[in-house]
Amino acid sequence: YAIWEQISASGQGCQVEIMKNPSDRKEYENVYIDTSTVPDYYEEEYPWKTSVNIIEECYRKVGADKMMWASDYPGMLKKGTLNQLIRLVTEECKNIPESAKEKIMQKMPEGVFLKAVFKIDMVLQAAE
């Protein structure tokens, strides 16, 4: 099973920990960091420059294999459109290579969720 940590500035999320030593997350197979609520913690308009900086810093520290895009839909729609939340990573994070963005946006979420479904199926089959 996977554990998600949201990047945030509230102190209850993990930004404080990530900024201190995010590379610790690399050691744990089932710990992932998502991008969903970063813009919610700053009083700024899209393109959310502070959020871009935080996401890029996390990428430099943990890499795309430990990050995944998330929207926190519909909660984040009070901050921006779904399209803006997608573009936050795909277009605004200019210091993240395209191959890494593809991982963050698609490959990591797909892999984690498919792995979880497979494990659930195995547990259900064993219980029969």
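Tabulated results
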quantity	calculated
Of all residues in region 68-81 being touching a Phe, Trp or Tyr at 6+ places or on another chain (Cβ under 8 Å) and at pLDDT below 90, the one that is least open to solvent (accessible area, probe 1.4 Å)	Met68
Residue among Lys61, Lys103, Lys94, Lys107 that alone is assigned to a loop (DSSP other than H, G, I, E, B), open to solvent by 20 Å² or more (accessible area, probe 1.4 Å) and among the charged types (D, E, K, R)	Lys94
The lone exception for Pro39 - which of (1) closer than 27 Å to Tyr28 by Cβ; (2) open to solvent by 40 Å² or more (accessible area, probe 1.4 Å); (3) in a helix (DSSP H, G or I) it fails	(2)
Any hit, region 1-22, residues being surrounded by fewer than 14 Cβ atoms within 10 Å (Cβ to Cβ), over 22 Å from Asn95 (Cβ atoms), polar (S, T, N, Q) and modelled with pLDDT under 55	yes
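The values are calculated or read from the model by the stated rules, or taken from the named source; none is laboratory data. Predicted model only: the values in this text are computed from it and were never measured. With ideal geometry, Cβ positions are generated from the backbone for all residues, glycine too; neighbour counts draw on all protein chains shown. When the accessible area is computed, the model is the full protein with side chains, heavy atoms only, and any ligands, DNA or RNA have been set aside. Shrake-Rupley method; radii C 1.70, N 1.55, O 1.52, S 1.80 Å.
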